[in-house]
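Colleague: Input: one structure, supplied below.
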Amino acid sequence: MTIKVVRGNPTPEELAAALAVVRARAAAAAALPSDAPTIPDAWSDPSRIAARRVPRPGPASWSRTYWPGG
């Protein structure tokens with residue numbers, strides 16, 4: 001692994017700290033099994049939007065089209 005300082009003049013302590021972080025991240029990434037399933041974020045799960053029943057059409061349905069739970 002080659003690391004090059006492009007800007008600035010880090011002290012030996014700052015450089016050692018940065019390299020420790022890079023090595024720890026690389027070790028953590030290498031420790032993960034390649035066939036591990038990825039867990040999607042909850043906000044992107046479409047079932048959270050479709051979990052509630054859609055209001056049935058009727059005379060007052062216009063009042064229930066936007067505000068959930070009511």
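Colleague: VAL21 versus (1) part of a helix (DSSP H, G or I); (2) open to solvent by 100 Å² or more (accessible area, probe 1.4 Å); (3) modelled with pLDDT of 75 or more: which is the lone unmet condition?
Modeller: Here VAL21 meets the rest and fails (2).
Colleague: Another question, then. Would you be able to say whether some residue in region 29-44 is modelled with pLDDT under 65 and in contact with a Ser or Thr (Cβ under 9 Å, 6 or more places away or on another chain)?
Modeller: Within region 29-44, not a single residue is modelled with pLDDT under 65 and in contact with a Ser or Thr (Cβ under 9 Å, 6 or more places away or on another chain).
The values are calculated or read from the model by the stated rules, or taken from the named source; none is laboratory data. Predicted, not measured: the structure shown is a model, and the values here were computed from it. No Cβ is skipped: glycine too gets one built from the backbone with ideal geometry, and neighbour counts run over all protein chains shown. Side chains are part of the model used for accessible areas, which takes the heavy atoms of the whole protein and leaves out ligands, DNA and RNA. Shrake-Rupley method; radii C 1.70, N 1.55, O 1.52, S 1.80 Å.
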